[in-house]
Amino acid sequence: MTNQANDPTSPPAGDLAGKHIVLGLSGGIACYKAAELCRALIKQGATVQVVMTEAAEQFITAVTMQALSGRTVYTSQWDSREDNNMAHINLSREADAILVAPCSADFMAKLLHGRADDLLSLMCLARPIDKVPLLLAPAMNREMWAHPATQRNMVQLDADGATILGVGSGFQACGETGDGRMLEPDELLEDIIAFFAPKVLAGQQVLVTAGPTYEAIDPVRGITNLSSGKMGFAIARAAREAGAQVTLVAGPVSLPTPRGVTRLDVKSAQNMLKASVECAKTASIFIATAAVADWRPASPAAQKIKKDGSGSAPQLSFTENPDILATIAQSARAQRGELFCVGFAAESHDLQANAQAKRVRKGVPLLVGNIGPATFGQDDNALVLVDEQGTADFPRAPKLELARQLIADIARRTRAAKQKP
Ligand code: C5P
């Protein structure tokens with residue numbers, strides 16, 4: 001048996017394993033972030049060839065980028081290291097993508113006009129346009145970003161087939177605050193991974209509920225549960241990677257919002273129902289991962305409930321919460337087959353039997369079972385998919401990996417459902 005980790009011929013594991021990326025740096029203070037980005041790409045299994053413009057070399061040295069990428073850096077179209085002296089052809093032919101980060105306002109203008117007076121712009125022009133995608137991470141001062149010339153250039157570059165990864169907002173090195181910062185390395189990484197994912201949910205609108213709910217007892221206390229929201233957030237990310245428009249209705253959790261996902265924060269089951277029913281009016285897939293409280297205090301106190309010194313505890317009475325999944329699964333759109341509903345079940349035992357019974361009770365075509373104590377708060381999980389035909393196991397793996405498998409499975413099911421006469 002070969003040990004993959006010790007086998008130097010096997011690509012390292014990671015979301016970008018096997019991908020070769022040309023990382024182009026044009027001039028801008030955000031070059032310091034490109035160093036971190038280079039490391040992040042390599043950590044995810046990519047090989048990275050750095051190409052720098054003369055202006056980029058004013059901000060960061062080729063030595064730094066060589067050390068981080070493990071490859072000599074190219075800076076000139078006259079580089080004689082290439083046998084045929086055609087670095088622009090050789091380097092662009094072997095790339096899975098050219099990523100320009102940072103992409104300055106000047107470099108955007110240059111690309112727009114098809115100018116090619118330095119190695120990086122020459123490579124962008126010389127790349128086989130249908131095989132080697134060009135991704136741009138703009139970085140500039142807010143006035144430069146907002147200038148009609150930059151905005152016009154961006155529209156044209158998009159029309160010419162480049163993918164513009166957007167910009168961040170906030171404090172800028174010049175001391176001003178606004179739009180135009182280069183996205184952070186972890187944000188760019190997430191976008192690049194999503195870029196390469198198969199778009200099996202293109203054109204679909206996906207609604208995901210995630211996390212626990214919080215049911216108030218009084219203004220400072222409430223009932224909640226140990227759901228971390230990690231599985232639902234991973235599913236939202238995987239659906240976005242697959243090309244869907246995703247809305248994530250999240251209970252109280254402190255997880256970062258996956259890139260490109262619209263997040264609606266809610267507290268109680270009633271809030272979650274209202275937000276979900278609204279979004280379900282246009283969604284084509286609904287995945288209910290939230291651990292919704294079954295009951296809520298019937299009448300939460302308007303003021304903090306105080307100890308009265310008698311030693312007797314307050315008497316709470318409860319009202320059953322609405323079942324969000326069952327409500328939406330019974331809607332006319334779901335019944336007509338326009339909305340594919342998927343439930344989750346956290347069980348402690350007899351997973352398959354309990355999940356199947358729950359699927360039928362909720363009236364959904366697919367229910368995903370997991371063992372509650374083995375998933376709450378964990379980074380990995382194991383799933384059992386239960387449908388009308390039977391069950392399928394997804395063995396223990398990181399939640400994002402399982403989420404991607406589940407999204408691929410749901411995409412197959414919704415495609416098959418559409419093809420049925
Ligand atoms: O009945 P149980 O809570 O085990 O059902 C779990 C499934 O139903 C999950 O998909 C959960 O998100 C959904 N659910 C819901 N609203 C509730 C209770 C559960 O949407 N009130």
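Take every Cα-Cα pair in the range 20-196 and report what % of them are more than 31 Å apart.
Roughly 8 percent, once rounded to a whole number.
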Worksheet item: Where the accessible area of the range 20-196 is counted over protein heavy atoms with a 1.4 Å probe, how much of it, in %, is carbon and sulfur?
Response: 51 percent
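Within the range 294-357, which GluC sites (Glu not before Pro) sit in a loop by DSSP and count at most 14 neighbouring Cβ atoms inside 10 Å? Intermediate results must be reported in sequence, preceding the final value.
On the way: sites: E320, E338, E347; in loops: E338.
For GluC sites (Glu not before Pro) across the range 294-357 that sit outside H, G, I, E and B with at most 14 neighbouring Cβ atoms in 10 Å, the list reads E338.
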Response to the item:
DSSP beta bridges in the range 311-421: the antiparallel percent, rounded to 5, is 60 percent
Worksheet item: In terms of modelled amide H atoms, which long-range or inter-chain residues lie less than 5 Å from the amide H of Q49?
Response: I21, V22, L23
Worksheet item: From the square roots a ≥ b ≥ c of the eigenvalues of the alpha-carbon gyration tensor of the range 342-421, which class results: rounded (a/c under 1.5), prolate (a/b over b/c), or oblate?
Response: oblate
Worksheet item: So what's the angle, to the nearest 10 degrees on a 0 to 90 scale, between helix 31-43 and the longest Cα principal axis of the chain?
Response: 60 degrees
Worksheet entry | Total lysine pairs under 27 Å (Cα atoms) in the range 229-346, excluding pairs fewer than 8 apart on one chain | 8
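Restricting to the range 20-196, compute how many DSSP beta bridges are antiparallel as a %, nearest 5.
Details: 4 of 21 bridges.
Antiparallel bridges: around 20 percent, rounded to the nearest 5.
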Worksheet item: How many nm separate the modelled label positions at I89 and I305, each set 7 Å beyond the Cα in the direction of the Cβ?
Response: 8.0 nm
Worksheet, complete the sentence: Longest principal axis of the chain (C-alpha) makes with the long axis of helix 269-280 (C-alpha) an angle, in degrees to the nearest 10, of 50 degrees
Worksheet item: What net charge do the residues around A202 carry, taking every other residue with its C-beta under 12 Å from that of A202, with Lys and Arg at +1 and Asp and Glu at -1?
Response: +2
Worksheet item: Length gain on complete extension for the stretch F195 to S254, per 0.36 nm per residue less the alpha carbon to alpha carbon distance?
Response: 18.6 nm
Response to the item:
Simple spin-label estimate for C174/S76, 7 Å along Cα→Cβ, in nm, reads 3.2 nm
Worksheet entry | Evaluated at q = 0.08, 0.09 Å⁻¹: base-10 log I(q)/I(0), Debye formula over Cα of the chain | -0.56, -0.69
Item to complete: For helix 185-196, report the angle its Cα long axis makes with the longest principal axis of the Cα atoms of the chain; keep it between 0 and 90° and round to the nearest 10°.
Response: 90 degrees
Fill in: Sparsely packed GluC sites (Glu not before Pro) within the range 133-188, loop by DSSP, other Cβ within 10 Å at most 11
E176
Worksheet, complete the sentence: Once E401 and V360 are pulled to full extension, the length gained, defined as 0.36 nm per residue separation minus their Cα-Cα distance, is 12.0 nm
Worksheet item: If you count, for each residue, the other Cβ atoms within 10 Å and average over each peptide, how do 156-168, 234-246 line up from highest to lowest?
Response: 234-246, 156-168
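Kindly provide the trypsin sites (Lys or Arg not before Pro) of the range 323-368 that DSSP labels as loop, not H, G, I, E or B, and whose Cβ sees at most 11 other Cβ atoms within 10 Å.
Details: sites: R333, R336, K358, R359, R361, K362; in loops: R336.
Those satisfying the criteria are R336.
Quantify, in whole percent, the carbon and sulfur part of the accessible surface of the range 228-339 (1.4 Å probe; protein heavy atoms only).
Working: 2930 of 5870 Å².
Carbon and sulfur together cover 50 percent of it.
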Worksheet item: Length gain on complete extension for the stretch T327 to Q151, per 0.36 nm per residue less the alpha carbon to alpha carbon distance?
Response: 58.9 nm
Practice prompt. Could you go through the range 229-238 in sequence order and give the Karplus-derived ³J(HN,Hα) for each residue, using 6.51 cos²θ - 1.76 cosθ + 1.60 with θ = phi - 60°, rounded to whole Hz, and x for Gly and Pro?
Written response: x, 4, 5, x, 5, 5, 5, 4, 5, 5
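Considering only the other residues whose Cβ falls under 15 Å of the Cβ of K281, what net charge follows from Lys and Arg at +1 and Asp and Glu at -1?
Details: positive: K274, R333, R336; negative: E278, E338.
My count for the surroundings of K281 gives +1.
Could you rank the peptides 23-30, 121-128, 79-86 by their average count of other C-beta atoms within 10 Å per residue, with the highest value first?
Working: 23-30: 26.4, 121-128: 19.9, 79-86: 11.0.
By packing density, highest mean first, the sequence is 23-30, 121-128, 79-86.
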Item to complete: Scan around W295 for amide H atoms under 5 Å from its own, H built in the peptide plane at 1.01 Å from N, and keep only partners 5 or more places away or cross-chain.
Response: N321
Practice prompt. Pop a pseudo-label 7 angstrom from the Cα along the beta-carbon direction at both E143 and D106 and give the gap in nm to one decimal.
Written response: 1.7 nm
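How much accessible area per residue does the chain have, counting only protein heavy atoms and a probe of 1.4 Å, in square angstrom? Working shown, then result.
Values: 20820 Å² over 421 residues.
Value for the chain: 49 Å² per residue.
Looking at the square roots a ≥ b ≥ c of the eigenvalues of the Cα gyration tensor of the range 143-290, which shape do they give, rounded for a/c under 1.5, prolate if a/b is larger than b/c, or oblate? Before the final figure, lay out each step's value.
Numbers: a/c = 2.44, a/b = 1.61, b/c = 1.51.
Taking the square roots of the gyration eigenvalues as a ≥ b ≥ c, the range 143-290 is prolate.
Which FRET efficiency, nearest 0.05, do K274 and E54 yield, Cβ-Cβ r, R0 51 Å? List each step's numbers first, then the result.
Numbers: r = 56 Å, r/R0 = 1.11.
For K274 and E54, the calculated efficiency is 0.35.
Would you calculate, for the chain, the mean residue ellipticity at 222 nm contributed by helices, counting each DSSP H stretch of 4 or more residues as -39,500 (n - 2.57) and dividing by all residues, to the nearest 500?
-10000 deg cm²/dmol
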Worksheet item: Tally Lys and Arg at +1 and Asp and Glu at -1 over the other residues with C-beta under 14 Å from the C-beta of T262: what net charge comes out?
Response: +2
Discussion item. Using a Förster radius of 60 Å, what is the FRET efficiency between K131 and A313 based on their Cβ-Cβ separation? Nearest 0.05, please.
Written reply: 0.30
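The values are calculated or read from the model by the stated rules, or taken from the named source; none is laboratory data. Keep in mind it's a predicted model, so treat the numbers as computed, not measured. Reconstructed Cβ throughout: ideal geometry from the backbone, glycine too, with neighbour counts over all protein chains shown. In case anyone asks, the SASA skips ligands and DNA or RNA and just uses the protein heavy atoms, side chains included. Shrake-Rupley method; radii C 1.70, N 1.55, O 1.52, S 1.80 Å.
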